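Trainee: Take a look at this one; I'll ask things after.
The values are calculated or read from the model by the stated rules, or taken from the named source; none is laboratory data. The structure displayed is predicted, hence computed values, not measured ones. Positions of Cβ are generated from backbone atoms using ideal geometry, with glycine treated the same way; all protein chains shown enter the neighbour counts.
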Amino acid sequence: MRTFSLFILITTMAVSVSAQGVERWSVKTSVADGTDFKKVTKVPLADLLAVKDAEGVTHNDKRFKTERIPAPNGDKYPEGKLVSTTGWLHLVAGEPDGDYHIQISDSQTSGDHCLVVEVPNEGAKFTATPDLRPKFQAVRDLIKTKMLAGKNPSASGSVMQHPVYVTVTGVMFYDDSHVGDQPRGKKGMKAATLWELHPVTGIAFAVKPK
C-alpha cells in the first residue's frame, strides 16, 4: 500500500457545510443526458488550461443558470463533455457548499497556472442524481484516506508537501460566477482558466512522468 508524506500545511479551520450552493448548481452536480462513463476523452492538461473563455457568456449569466452553455460548431471540449486529464495535485480545500476544491497543474514543483476540479458532497441534499453519489463518495474517500491522513481538507486549503500525480475524470464546466474576477486559486496558486472539471467522477494515481 502506498503511503505519502503530503502536507506542508493543514490549518485547523473547520469547514462549515450547510447546504448546496447557488451558482449553476444543478449543472455542476450532474452529467449530460446519455453520458457513457466507459467513453472518456483523454485530454492533455495543457490543452484544458488553454481553453478560451466561453464567448458571450456574462457574469452569472441567467440564460445558463440551469442549462449547459451551447458549444460553437467544432468545439472540441464543450460544456458537459466527459474528459480525463493527468497532472500534479497540489491542493485540496473544503468548500462551504460541500465540494472538495482541487487544484492540479502541469508542474511538480509549482501549483500555479492550475486547473480547478471539484467533486460534490455525495449527500442527497447536495447531489440530486442518486447514480452519481457512489462516484463522488469514491473520489472523496480516496482523497481523504490516501492524501489527507483520514482528515477532511481545510477551508483555506490543504497543500501537498509532495504533490501527487493523478488522473482525474470529470465533466467540462464553465464557472461564469467568476467572469470578470481576478484569477481564482488558493494559497497563491492561480487558475489558468474559468473552465473546470465539475463534477469530478473519478480519480486515480498515475505513473509519474520520467
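Trainee: Condition first: buried (at least 19 other Cβ atoms within 10 Å of the Cβ) and not in a strand (DSSP E or B). Now tell me which residues in region 185-198 satisfy that.
Mentor: Correct list: Gly185, Lys186, Met189.
Trainee: For region 151-163, indicate whether the set of residues that are farther than 29 Å from Val57 by Cβ, surrounded by 15 or more Cβ atoms within 10 Å (Cβ to Cβ), hydrophobic (A, V, I, L, M, F, W, C) and touching a strand residue (DSSP E or B) at 6+ places or on another chain (Cβ under 9 Å) is non-empty.
Mentor: Within region 151-163, one or more residues are farther than 29 Å from Val57 by Cβ, surrounded by 15 or more Cβ atoms within 10 Å (Cβ to Cβ), hydrophobic (A, V, I, L, M, F, W, C) and touching a strand residue (DSSP E or B) at 6+ places or on another chain (Cβ under 9 Å).
Trainee: Right, another one. Does region 155-173 include one or more residues that are in contact with a helix residue (DSSP H, G or I) (Cβ under 7 Å, 6 or more places away or on another chain) and modelled with pLDDT of 95 or more?
Mentor: Checked against the condition, which is being in contact with a helix residue (DSSP H, G or I) (Cβ under 7 Å, 6 or more places away or on another chain) and modelled with pLDDT of 95 or more, region 155-173 yields at least one hit.
Trainee: Pull up region 105-148, narrow it to residues that are under 28 Å from Lys210 (Cα atoms) and in contact with a helix residue (DSSP H, G or I) (Cβ under 7 Å, 6 or more places away or on another chain), then point me to the one that is surrounded by the most Cβ atoms within 10 Å (Cβ to Cβ).
Mentor: Filtering first and then ranking leaves Leu115.
Trainee: When region 165-210 is examined, which residues are found to be over 14 Å from Ile143 (Cβ atoms), among the small types (Gly, Ala, Ser) and in contact with a Leu (Cβ under 8 Å, 6 or more places away or on another chain)?
Mentor: If the condition is that a residue be over 14 Å from Ile143 (Cβ atoms), among the small types (Gly, Ala, Ser) and in contact with a Leu (Cβ under 8 Å, 6 or more places away or on another chain), then Ala191, Ala192 are the ones that fit.
Trainee: Now a separate question. Between a first residue in region 97-111 that is closer than 15 Å to Leu48 by Cβ and a second residue that is of a type in the set (S, T, N, Q), which pairs have beta carbons less than 9 Å apart while being 6 or more apart in sequence or on different chains?
Mentor: Filtered contacts from region 97-111: Ile104/Thr85; Ile104/Thr86.
Trainee: All but one of (1) within 25 Å of Pro70 (Cβ to Cβ); (2) outside any loop (DSSP other than H, G, I, E, B) hold for Thr127; which doesn't?
Mentor: Here Thr127 clears every test but (2).
Trainee: State all residues of region 157-184 that are hydroxyl-bearing (Ser, Thr, Tyr) and either free of Cβ contacts under 8 Å to residues at least 12 places away in the same chain or not in a strand (DSSP E or B) (or both); if no residue qualifies, say none.
Mentor: Scanning region 157-184 gives a single hit, Ser177.
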